[in-house]
Amino acid sequence: MRPRIMAATLAGVLVVVCGLLGYCSVRPPDFHDFRVAAVTTAQTAHDALLTADLTGGAVRDGKAPGPYASVQLDAGAKSLGTAVGDFAELPPPDAAATALRDQLLPMLSEAVARLGDAAADPARTDGMRALAERLDAFKASNG
């Protein structure tokens, strides 16, 4: 009789653990999760913009070939586009998260557009540092 009780207990514990893991994997994000995703995406855009600004400066100074810089900038634009798309798909859990998203998405869209423009013309990186500073201010106020 004892092996049956142990097997039933083990099966019950296994069902509870699987249920908890299932809940944790599908639960909607709360404000904290959403804010962390927003700040992480802003950091990604910030880093991509500063990298593009440095790359553009190297091209203008003749220290980097244009085709190499174009490939680098295009890869950065695609990577940032994926990160922005993933963030944009997150449903905001409340009004505060919606306001946070509405504040960040225009800056992210501008960052993707500027990186795409820079990939076409690597010497054209004007304004990226200023946009990176705006993203940095967003991170500081929400981090």
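The values are calculated or read from the model by the stated rules, or taken from the named source; none is laboratory data. Bear in mind that the values here come from a model prediction, so they are computed numbers and not experimental data. FYI the Cβ positions are ideal-geometry reconstructions off the backbone, even for glycines, and counts take in every protein chain you see. Heavy atoms of the whole protein, side chains included, go into the accessibility calculation; ligands, DNA and RNA do not. Shrake-Rupley method; radii C 1.70, N 1.55, O 1.52, S 1.80 Å.
Per-structure values
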{"item": "Largest to smallest accessible area among K63, K78, K139 [probe 1.4 Å]", "result": "K63, K78, K139"}
{"item": "Ranking by accessible area, most exposed first, for D126, D94, D53 with a 1.4 Å probe", "result": "D126, D94, D53"}
{"item": "Derived scalar couplings ³J(HN,Hα) [the range 109-125; Karplus, 6.51 cos²θ - 1.76 cosθ + 1.60; whole Hz; x for Gly, Pro]", "result": "4, 5, 4, 4, 5, 5, 5, x, 5, 5, 5, 6, 9, x, 7, 9, 10"}
{"item": "Cβ-defined net charge surrounding A130, 13 Å radius [Lys, Arg +1; Asp, Glu -1]", "result": "-2"}
{"item": "Accessible area of the range 60-114 belonging to carbon and sulfur atoms, whole % at 1.4 Å probe", "result": "57"}
{"item": "Cα-only Debye scattering, the range 23-143: base-10 log of I(q)/I(0) at q = 0.23 Å⁻¹", "result": "-1.19"}
{"item": "Residue-level accessible surface for E133, protein heavy atoms, 1.4 Å, Å²", "result": "120"}
{"item": "Accessible surface, the range 17-143, averaged per residue in Å² (probe 1.4 Å)", "result": "54"}
{"item": "Karplus (6.51, -1.76, 1.60) ³J(HN,Hα), θ = phi - 60°, over the range 65-79, in Hz, Gly and Pro reported as x", "result": "x, x, x, 4, 4, 4, 5, 4, 5, 5, 5, x, 5, 5, 5"}
{"item": "Candidate residues V59, V36: accessible-area rank, largest first, probe 1.4 Å", "result": "V36, V59"}
{"item": "Cα-based convex hull, the range 89-143, per residue volume (Å³, whole number)", "result": "79"}
{"item": "Cα-based Kirkwood hydrodynamic radius, the range 58-118, one decimal, Å", "result": "13.2"}
